[in-house]
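The values are calculated or read from the model by the stated rules, or taken from the named source; none is laboratory data. The shown structure was predicted, so the numbers you read here are calculated from the model rather than taken from an experiment. Reconstructed Cβ throughout: ideal geometry from the backbone, glycine too, with neighbour counts over all protein chains shown. Please note that ligands, DNA and RNA were not included when accessible areas were found on the heavy atoms of the full protein model with its side chains. Shrake-Rupley method; radii C 1.70, N 1.55, O 1.52, S 1.80 Å.
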Amino acid sequence: METTPFHQVDDTTIKVNGESQYSQIFCNPLYTVFFTVPHKNRLTILDILLCGKERTYLFNSKAYDLLSDFNVSKKVVDQIIQSTNDMEMSEVEMQELLGKIFPDAKKGKNTKTRIMGSAAIAAYQQQTEIPIINMLLSDDAPQFKKLTLEHALCWIHDGRHYNRLSPIVPLNVEILNNFKTCFWDYYGELQEYKENPTPEKAGLLSAEFDRIFSTETGYNALDERIEKTVCKKEALLQVLKHPELPLHNNASELGARVEQRRQDVSLQTKSQEGTNAKDAFLTVTQTAKKLGINAYKYIYDRISQENSMPSLADLIIQNFLPQIE
């Protein structure tokens, strides 16, 4: 987190003692790490980013901006303003506040979640104990949004939505195929830009995005899909500001595939200790693979207490330093 400029995330469903849980996979070209958690909501992802630090809450300008983004009503926001100040709150204090705003515990479940998410993100982005992740690359799942200062989306995931369109009318089939050709040609231009980025090329590619995705084809389902892509322009074109970013989230999807293949063999874990061990060994083996280290030798080195090999953390730093010098 301290030495790498961006992080990718994805999740997959797994079984723990017969119950469905989620494996959250964080990665980039230098590491892959696995966390098994019972939920896949925004607060769960935030807790992972906090690395075990107790979650706190803060109602500052960032929190109120998020409350607006999450469509929390003005009436509720006014109640929060009257009941809080610009001070961090503990979990107990947050629950007391929610109990005051919602005396009927059965009401306002979604609003409570949005309030907690807004204040928790604001506190995370202001704290200094844990390195803050500024850039997260993911698919379009809602739990990954708003957590970091910048958010990049996967072009492959967006392209899959166009592949799911299944027109019957021959004219619409032709229109869709022509647009998909433009879509992937543009994707190819972004790949070329990554090799030799310049501000001039970035401006041209941004303008070309507007041209391609302002198309009105007359095929309604396609036009509706194009409008949704337009709304994601900033996240899809983060690569123009950060050429080091991948255009896709395949790396974390490959991590999810490793988790699924593990599940094919051993089905599930039965205890918390077994789940922790599973996460640890998957993390070590997949990170060692990316760093060019023999995972078996690394694990043997640690278990035998020879400790002759550098830690994976040190190797990540060593591999990253040449990129920033």
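In the stretch 272-303, of all residues being open to solvent by less than 50 Å² (accessible area, probe 1.4 Å), of a type in the set (Gly, Ala, Ser) and more than 25 Å from the chain's Cα centre (by Cα), the one that is nearest to His242 (Cα to Cα) corresponds to Ala295. As a summary of the residue check, Phe26 satisfies the conditions (1) at negative phi; (2) open to solvent by 20 Å² or more (accessible area, probe 1.4 Å); (3) not aliphatic (A, V, I, L, M) except for the one numbered (2). Taking the stretch 141-164 as the range and being of a type in the set (Lys, Arg) and either touching a Lys or Arg at 6+ places or on another chain (Cβ under 7 Å) or outside any loop (DSSP other than H, G, I, E, B) (or both) as the test, only Arg160 passes.
Has the stretch 250-264 got any residue that is in a loop (DSSP other than H, G, I, E, B) and open to solvent by 60 Å² or more (accessible area, probe 1.4 Å)? Scanning the stretch 250-264, I find no residue that is in a loop (DSSP other than H, G, I, E, B) and open to solvent by 60 Å² or more (accessible area, probe 1.4 Å), so the answer is no. Out of the residues in the stretch 166-191 meeting the condition of being touching a residue at least 40 places away in the same chain (Cβ under 8 Å) and under 26 Å from the mean Cα position of the chain (by Cα), tell me which one is least open to solvent (accessible area, probe 1.4 Å). By that ranking, first place goes to Leu190. Restricting the search to helices (runs of 4 or more DSSP H) fully inside the stretch 1-120 and requiring at least 1 residues that are under 28 Å from Glu273 (Cβ atoms) and at pLDDT 95 or above gives 42-49, 91-101. The set of residues in the stretch 76-92 that are of a type in the set (Asp, Glu) and within 18 Å of Thr111 (Cβ to Cβ) comprises Asp78, Glu91.
Of everything in the stretch 312-325, what is within 27 Å of Gln260 (Cα to Cα) and loosely packed, with under 13 Cβ neighbours inside 10 Å? Give them in sequence order. Across the stretch 312-325, the qualifying residue is only Ala313.
Restricting attention to the stretch 308-321, does a residue exist that is among the polar types (S, T, N, Q) and touching a residue at least 40 places away in the same chain (Cβ under 8 Å)? Looking through the stretch 308-321, at least one residue is among the polar types (S, T, N, Q) and touching a residue at least 40 places away in the same chain (Cβ under 8 Å). Between Ala152, Ala119, the distinction of being small (Gly, Ala, Ser) and closer than 30 Å to Thr217 by Cα belongs to Ala152 only.
Search the stretch 208-219 for residues being open to solvent by 30 Å² or more (accessible area, probe 1.4 Å) and under 27 Å from the mean Cα position of the chain (by Cα), and hand back the single one that is farthest from Pro243 (Cα to Cα). Let's see the steps before the verdict.
Kept after step one, since they are open to solvent by 30 Å² or more (accessible area, probe 1.4 Å), are these residues of the stretch 208-219: 208, 210-211, 214-218.
Right, trim to under 27 Å from the mean Cα position of the chain (by Cα) and you get 208, 210.
Numbers: Glu208: 17, Asp210: 20 Å.
Among them, the one singled out is Asp210.
All of Lys145, Lys194, Lys201 fail the test of being open to solvent by 50 Å² or more (accessible area, probe 1.4 Å) and in contact with a helix residue (DSSP H, G or I) (Cβ under 6 Å, 6 or more places away or on another chain), apart from Lys201. Under the condition of being assigned to a helix (DSSP H, G or I) and either farther than 16 Å from Phe183 by Cβ or in contact with a Lys or Arg (Cβ under 7 Å, 6 or more places away or on another chain) (or both), the residues counted in the stretch 207-228 number 3. Which of the following residues is within 15 Å of the chain's Cα centre (by Cα), under 26 Å from Ile25 (Cα atoms), of a type in the set (A, V, I, L, M) and crowded, with 16+ Cβ neighbours inside 10 Å: Ala122, Ala152? Unique residue meeting the criteria: Ala152. Within the stretch 98-119, the residues that satisfy the criterion of being within 19 Å of Ser68 (Cα to Cα) and loosely packed, with under 12 Cβ neighbours inside 10 Å are Lys109, Asn110. Taken together, Gln127, Gln95, Gln79 contain a single residue that is open to solvent by less than 70 Å² (accessible area, probe 1.4 Å), out of contact with any helix residue (DSSP H, G or I) (no Cβ under 7 Å at 6 or more places or on another chain), more than 30 Å from Trp184 (Cβ to Cβ) and not basic (Lys, Arg), which is Gln127. Scoring Asn28 on the criteria (1) in contact with a His (Cβ under 9 Å, 6 or more places away or on another chain); (2) without any contact (Cβ under 8 Å) to a residue 40 or more places away in the chain leaves a single failure, condition (2).
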